[in-house]
Amino acid sequence: MPGRIHRLMQGAVPLALVGAVLAVPSPAAAAPTDLVGWATVNGGTSGGGSAATTTVTSASALTTALASTSAANIRVSGTINCSGMLRVRSNKTIIGNSGAAIVGCGLNINGDRNVIIRNLSFRNWNDDAINVQESATNIWIDHNSFSNGYDGAVDIKRGSDYITVSWNRVFNHDKSMLLGHSDSNASQDVGHLRVTYHHNWFDSSTQRHPRVRFGNPVHVYNNYYNNNSGYGVASTEGAGVLVEANSFENVDDPFHLGEGSSDAGTLVARNNLLVNSGSGQTGGSVASIPYSYTADAAASVKSIVTANAGAGRISV
């Protein structure tokens, strides 16, 4: 019914579910430039750190810089047109200068670790915009914009772990964020695929915000969802997803268990704001969140996220 407002507050969630999710709160909400979540665990994520900085303006220069086995800070300047997937090796920070864009191709983190990707606009990719796979760890994907691509904006799979996806905007796109690629990959994925998704803007994108297999706990908090015609969050194949303090507006199916032929996972929802949206589906319990964080109030999420998410919103 137009104009209806549902509020999922902690008191509305069965106590057995609430008690199963233990968070360690911080004293104040993080600034839009701070790293929070799973990428702070397992030694943290620093990317190129204090290594030398190189600026790239062409596909060939970008490919070479990403493929180096040495730590590096890589600045992308202008629009780089490319195709396929470019391999990113360990200990890299890839950050866009003002207006930087990668058009036609994507970045592939394949078994490497300690990578930061920030402030880039990805458009018209012909595979995935960012693919993280084969037990890659400690990845931070932050303040990027994704539009008009072929497959996933950010796909994470095949045993990858300790990842934060924050302050991104996805628009004019279908398949947003896949976590776990196959129902038959439990042997590699169970005990891994632990990801934090926070303060992302899913702006009329269709589905997979995220679609989760096996990972537990997966933390989805303070994201703004608007006009998503497919669904918001799906928990499948034994995954455990905490959906917390998000804002859903005009989303008939904000979160549910199972998806397609995938069996159900578990999902705990608390303190979400649902405006002109469905009530969602929950069930089961979720493992404890091990890191410190503070969730913004769901009523503030829309204004905070739309003002700060996506490329071009941070000082570089």
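The values are calculated or read from the model by the stated rules, or taken from the named source; none is laboratory data. What you are looking at is a predicted structure, and each value in this text was computed from that prediction instead of being measured. In this analysis, Cβ positions are derived from the backbone assuming ideal geometry, glycine residues included, and neighbour counts consider all displayed protein chains.
Evaluation of GLY310 against the conditions (1) buried (at least 19 other Cβ atoms within 10 Å of the Cβ); (2) not in a loop (DSSP other than H, G, I, E, B); (3) not hydrophobic (A, V, I, L, M, F, W, C) shows that the sole unmet condition is (2). Among strands (runs of 3 or more DSSP E) entirely within the range 245-303, having at least 3 residues that are surrounded by 21 or more Cβ atoms within 10 Å (Cβ to Cβ) and within 19 Å of the chain's Cα centre (by Cα) singles out 266-270. Applying the selection to the range 274-314, what residues are hydroxyl-bearing (Ser, Thr, Tyr) and without any contact (Cβ under 8 Å) to a residue 40 or more places away in the chain? Correct list: SER300, SER303.
Among the residues of the range 116-131, count how many are of a type in the set (D, E, K, R), surrounded by 20 or more Cβ atoms within 10 Å (Cβ to Cβ) and not in a strand (DSSP E or B). The number of residues fulfilling the criteria is 1.
Among the residues of the range 176-188, those that are in a loop (DSSP other than H, G, I, E, B) and either in contact with a helix residue (DSSP H, G or I) (Cβ under 9 Å, 6 or more places away or on another chain) or closer than 17 Å to ILE141 by Cβ (or both) comprise SER176, GLY180, HIS181, SER182.
Take the conditions (1) in a strand (DSSP E or B); (2) closer than 20 Å to TYR231 by Cβ; HIS173 misses just one of them, which is (1).
Pairing each residue of the range 231-247 that is closer than 22 Å to VAL305 by Cβ with any residue that is modelled with pLDDT of 95 or more and of a type in the set (Lys, Arg), provided the two are 6+ apart or on different chains, yields C-beta distances under 6 Å for ALA234/ARG211; GLU244/ARG270; SER247/LYS302. The sole residue among VAL218, VAL268 that is of a type in the set (Val, Ile, Thr), farther than 14 Å from SER176 by Cβ and out of contact with any Lys or Arg (no Cβ under 8 Å at 6 or more places or on another chain) is VAL268.
Do you know which of the residues in the range 26-43 that are assigned to a loop (DSSP other than H, G, I, E, B), in contact with a strand residue (DSSP E or B) (Cβ under 6 Å, 6 or more places away or on another chain) and small (Gly, Ala, Ser) is surrounded by the fewest Cβ atoms within 10 Å (Cβ to Cβ)? Residue satisfying both the conditions and the ranking: SER26.
Enumerate the pairs (first residue in the range 50-66 and touching a residue at least 40 places away in the same chain (Cβ under 8 Å); second residue anywhere and part of a loop (DSSP other than H, G, I, E, B) and surrounded by 13 or more Cβ atoms within 10 Å (Cβ to Cβ)) with beta-carbon separation below 9 Å, excluding pairs fewer than 6 apart on the same chain, so at least 6 apart or on different chains. That search, which allows pairs on different chains as well, returns ALA51/ALA71; ALA51/ASN91; THR55/SER77; THR55/ASN97; LEU66/VAL88; LEU66/ARG89.
So is TRP125 over 13 Å from the mean Cα position of the chain (by Cα) and on the phi < 0 side of the Ramachandran plot or not? So TRP125 fits the description; yes. Counting the residues of the range 175-206 that are among the polar types (S, T, N, Q) and under 30 Å from ALA299 (Cβ atoms) gives 6. Just to be sure before I move on: is ARG89 among the basic types (Lys, Arg) and within 20 Å of ARG194 (Cα to Cα) in the structure I sent? It is false that ARG89 is among the basic types (Lys, Arg) and within 20 Å of ARG194 (Cα to Cα). In the range 165-212, what residues are of a type in the set (Lys, Arg) and either at pLDDT below 95 or farther than 19 Å from LEU120 by Cα (or both)? Within the range 165-212, ARG194, ARG208, ARG211 meet the criteria.
When THR45 is tested against the conditions (1) more than 21 Å from ILE314 (Cα to Cα); (2) polar (S, T, N, Q); (3) in contact (Cβ under 8 Å) with a residue 60 or more places away in the chain; (4) in contact with a helix residue (DSSP H, G or I) (Cβ under 7 Å, 6 or more places away or on another chain), the lone failure is (1).
Checking each residue in the range 190-231 for being of a type in the set (S, T, N, Q), over 14 Å from PHE255 (Cα atoms) and outside any loop (DSSP other than H, G, I, E, B) picks out only THR196. A search for C-beta distances below 8 Å between a residue of the range 132-157 that is surrounded by 24 or more Cβ atoms within 10 Å (Cβ to Cβ) and any residue that is modelled with pLDDT under 95, counting only pairs 6+ apart in sequence or on different chains, returns HIS143/PRO32.
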